[in-house]
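As structure tokens, the structure follows; a few thoughts come after it.
Every number in this text was worked out from the coordinates using simple rules, so none of it is lab data. A quick note: this is a predicted structure, and the numbers were derived from the prediction, not measured. Reconstructed Cβ throughout: ideal geometry from the backbone, glycine too, with neighbour counts over all protein chains shown.
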Amino acid sequence: MTSVIIILYLATIAFSLGLHFLNIRHLKQYGHKVPPGFETAIDPGTLIKTSDYTLAKSQVSLVQSLFDSLLTMLFIFGGLMVWYDEWLSGYNLNFIIAGLAFFLLLSLVQTVLGLPFDLYNHFKVETRFGFNNMSFKLWCADQIKSLLLSALFFAILASAAFWLIQAAPDSWWLWVWALMVAFSLLMMVISPYVIEPLFFKFEPLQVEGLEDDIRTMMARTGLSVSKVLQVDASKRSGHSNAYFTGFGKQKRVVLFDTLLEQLSKEEILAVLAHELGHMKKKHILKRMLLMALIALFYCWLAHALIGWQGLPMLVGIEAASFYARIVILFFLSSILTFPLTPLFSILSRKDEYEADHFAAELHGKPEDLATALIQMSKENLANLYPHPTYAQFYYSHPPVVERVQNLRELANSQGTLP
């Protein structure tokens, strides 16, 4: 059985690599052509830069993916997990402390091993293409803060989860699931006030009249927002974005300062109308409910399999601690859920199209969202020619050329094209 699992894992790696190479070959074949409707914004020089950027990012991603896969194979099948499990058990720690030590040390090692890739990506690739604005000092500060915050929140959540496992051995899966859901909701509430300000500086919107226009547009949907803010994202990167954050009456609109420089006021309103579409169509709520149901299933499955004697034997070992069994389950689930990737991508792309249609109706000018997408693609050097199969499998958003074409068909049907 171990051989079958190894073959399946290698098959997922091979399939993923195949899709990446297919995507790169497609880009090399078509990436020099300006898509219809993009002629006024995208020139051949930008396309060359876009192709180079996509290829550079893909190469780093492929190398890191192969490195992570090799480490996973060595840890699970190469004896490292058995050694680590036995070494930690030799300290005779109590159940909660042992669990924290097991996963925090693993997380620390994983973070350290990933640092070279993050460094290369930021200070080689992103710098080469004019996106990175971070100093090495700021990068280090972000890494330390991220590490400490992750360790703190994981320690709180994991300690509570391990306590529940001890206190309710027959029903812990349900209590742990409820804990995870409650913790996720709590993070949505406190993140804008506790976590995000540690990394970014937020201030009132500086574009005259834009906040009033945003609030007026939201009022037409029956939604309200507590604050409209801009953030100094340009301190770290030249990439642009806009998002809603917070929960309930504490929702906030956050605009990157880079976005404010790149788009017109009407285009910004169209982008926010798209985000409002996700809220009004309850895409976020539906996704949260779906993730909660999936988490419930995983918690039940973990409870059902965690004590099964044959579980360690699936990866070729005779015995494993409770914590090592969790690692085995996560590894096996990564194989089993890989074929579901395109299904989740399809659902996500469907939501994006619905949000585009909502934005077209709310804002009244589909062309504004179309030109915003074109401009953002240009500024972010987004790949305009993903291979269709690659996009169907991995893309959570429809390819931008298809979105623009769809929006212009809407504009044409509404008679709003200039």
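Given N residues in the range 296-406, what is Rg(Cα) / (2.2 N^0.38 Å)?
1.62
In whole Å, what are the extents of the range 119-162 along the principal axes defined by its C-alpha atoms, from largest to smallest?
Dimensions of the range 119-162 along the principal axes of its Cα atoms: 46, 16, 12 Å.
Hey, any idea what the orientation-averaged projected area of the convex hull of the chain's Cα atoms comes to, in nm²?
The orientation-averaged projected area of the Cα hull of the chain comes to 21.6 nm².
Which value, in debye to the nearest 20, gives the size of the charge dipole of the range 225-265 about its Cα centre, when Lys and Arg are +1 and Asp and Glu are -1 at the Cβ?
Taking the Cα centre of the range 225-265 as origin, the dipole is about 240 debye.
Which peptide among 75-86, 215-226 comes first, and what is the full order, when sorted by highest mean count of other Cβ atoms within 10 Å?
Those peptides, ordered most packed to least, come out 75-86, 215-226.
Helix-only estimate, please: 222 nm mean residue ellipticity of the chain, summing -39500 (n - 2.57) across DSSP H runs of length 4 or more and dividing by its residues, to the nearest 500.
That comes out to -23000 deg cm²/dmol.
For helix 136-167, what angle does its Cα long axis make with the longest principal axis of the chain, in degrees from 0 to 90 and rounded to 10?
With rounding to tens, the tilt is 50 degrees.
Under 28 Å Cα-Cα from Lys365, which lysines qualify once same-chain neighbours fewer than 8 residues away are excluded?
Result set, ordered by chain and number: Lys33, Lys227, Lys251, Lys265, Lys280, Lys281, Lys282, Lys286, Lys350, Lys378.
Over 5 Å intervals from 0, what percent of Cα-Cα pairs in the range 13-102 sits in each interval?
2, 11, 14, 13, 10, 9, 8, 7, 7, 6, 6, 4, 2, 0
Within 10 Å, count the other beta carbons around each residue, average over each peptide in 263-275, 179-191, and list them highest first.
263-275, 179-191
Can you tell me the convex hull volume per residue for the range 86-215, based on C-alpha atoms, in Å³ to the nearest whole number?
Each residue corresponds to 169 Å³ of Cα convex hull volume.
Shape verdict for the range 181-233, please, from the Cα gyration tensor: rounded (a/c under 1.5), prolate (a/b greater than b/c) or oblate.
It comes out oblate by the Cα gyration axes.
Given 10 °C and 1.306 mPa s, how large is the Stokes-Einstein diffusion coefficient of the range 129-202 in µm²/s, with Rh as the Kirkwood radius over Cα pairs?
D, rounded to a whole number, is 108 µm²/s.
Using DSSP, restrict attention to beta bridges with both residues in the chain and report what percent are antiparallel, rounded to the nearest 5.
Here the share of antiparallel DSSP bridges comes out near 60 percent.
Order 403-413, 373-383, 126-136, 106-116 from most to least packed using the mean count of other Cβ atoms within 10 Å.
373-383, 403-413, 126-136, 106-116
How much of the pair distance distribution for the range 196-318 lies past 20 Å, counting alpha-carbon pairs only, in percent?
Tail of the P(r) past 20 Å holds 56 percent of the pairs.
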